[in-house]
Amino acid sequence: MPTSFRVMSRPKLGAHATVKRLVSDTGGWNVELVKENFLDADADNILSLPVGSTRVADSLMWHYEQSGIFTVKSAYWLGCGLSNPSSSSGLNGDESWWKFLWKAEMPAKVRVFIWRACKNWIATTENLKWKSINVSARCPICSKGCETTLHAVWGCCYLEDFRNSWHVCRFVRRGNKVQLLDFLQDYYEIWDKENMALFCVILWRIWFHRNQVVHGLKGVNLEEVVNWAALYLSDFREANKRSLLPVARHQSRVGNWQPPCLGRFKLNCDATINKLGRSVRVGIVVHDCYGYVVASNTQRIQATYNPQVAEAVAIYRGIMLAQEAGFWQVEIEI
């Protein structure tokens, strides 16, 4: 999510809907409802958050501390980073931006397009005119000004409805920027890398649409550009990763596993993340003090947890299983 902590989607749940609407009767996320109302990137972020089993009052948490507690020290470092983002990263603005672009997890053709566009090396009418090609520098679509690179992929008036319909666009303003590179660097400093990558794909798609229209071909549906770009980026990443990743690589305990103390039980659990299916599978085994299995279970959770959260959820589910079976003196081995 962007640093505003707002979702990029426009949910259909209504202006006064609360998070409670997205929680199922069983206490987890209503996955289908989340996917129906949010873009893939937003849905993944939402589903990566575990839902607590107890109904407790809401409380304010400070995002920039793992404890959730506000401190003046963390606010100071946050302020330093926001006021001078380039120095906080150890790179100047140009270096930081280019480092992001060439390492971004997006198709190479998108990276190359953004690079060429930032260098003004794409075939806008203004660039063609500057190359002494006999064409008008006016925008071939709106005819209201020169077709600069920034105008072609973002500023043209035919994109106005698209800009107004995209929720996050109220945070995207051209201002007095005339170069695409300056424009992108400004938003690179305030957006997270995930949304910056999505924005690059959107600009690439808009350029494709522009070329289709200029050459008399059918353009794309601009109303679907954001959804298309999010799905395109997600599909690309899934195709470049293994579909099943282990959460943690523990050393083999076959030879050194020890039963718990007399009168106690030992809980072993683990989790694997299925990136393709966007789910987590949890395995739980409980042994008694003689080494016999007294309880076991496997569970499939429809969520996109990160490895640390998945491991924590596995432990939590294991503890719940042990309690339900009446085992209270439990040792946890991870």
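The values are calculated or read from the model by the stated rules, or taken from the named source; none is laboratory data. If you're wondering where the values come from, they're calculated on a predicted model, not measured in any experiment. Cβ sites come from the backbone with ideal geometry, for glycine too, and all protein chains shown count toward neighbours.
Please specify each residue of segment 212-248 satisfying the condition of being touching a Lys or Arg at 6+ places or on another chain (Cβ under 9 Å), modelled with pLDDT of 85 or more and polar (S, T, N, Q). Hit for segment 212-248 is 212, nothing else.
When segment 187-241 is filtered for residues that are in a loop (DSSP other than H, G, I, E, B) and of a type outside the set (A, V, I, L, M), the ones remaining, listed by number, are 189, 191, 192, 215, 216, 218, 219, 221, 240, 241.
Yes/no per residue for (1) modelled with pLDDT of 75 or more; (2) out of contact with any Phe, Trp or Tyr (no Cβ under 8 Å at 6 or more places or on another chain); (3) surrounded by 15 or more Cβ atoms within 10 Å (Cβ to Cβ); (4) in the same structural domain as residue 228 (by TED's automatic domain parsing):
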{"site": "5", "(1), (2), (3), (4)": "no, yes, no, no"}
{"site": "16", "(1), (2), (3), (4)": "yes, yes, no, no"}
{"site": "27", "(1), (2), (3), (4)": "yes, yes, no, no"}
{"site": "34", "(1), (2), (3), (4)": "yes, yes, yes, no"}
{"site": "44", "(1), (2), (3), (4)": "yes, yes, yes, no"}
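Residue-wise test of (1) surrounded by fewer than 18 Cβ atoms within 10 Å (Cβ to Cβ); (2) more than 33 Å from the chain's Cα centre (by Cα); (3) modelled with pLDDT of 90 or more.
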| residue | (1), (2), (3) |
| --- | --- |
| 123 | yes, no, yes |
| 128 | yes, yes, yes |
| 131 | yes, yes, no |
| 138 | yes, yes, yes |
| 144 | yes, yes, no |
| 152 | no, no, yes |
| 156 | no, no, yes |
| 161 | yes, no, no |
| 172 | yes, no, no |
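Residues in segment 255-294 that are aromatic (Phe, Trp, Tyr) and at pLDDT 90 or above: how many?
Here the count works out to 1.
Exactly one residue out of 204, 191 is modelled with pLDDT under 85 and buried (at least 17 other Cβ atoms within 10 Å of the Cβ): that is 191.
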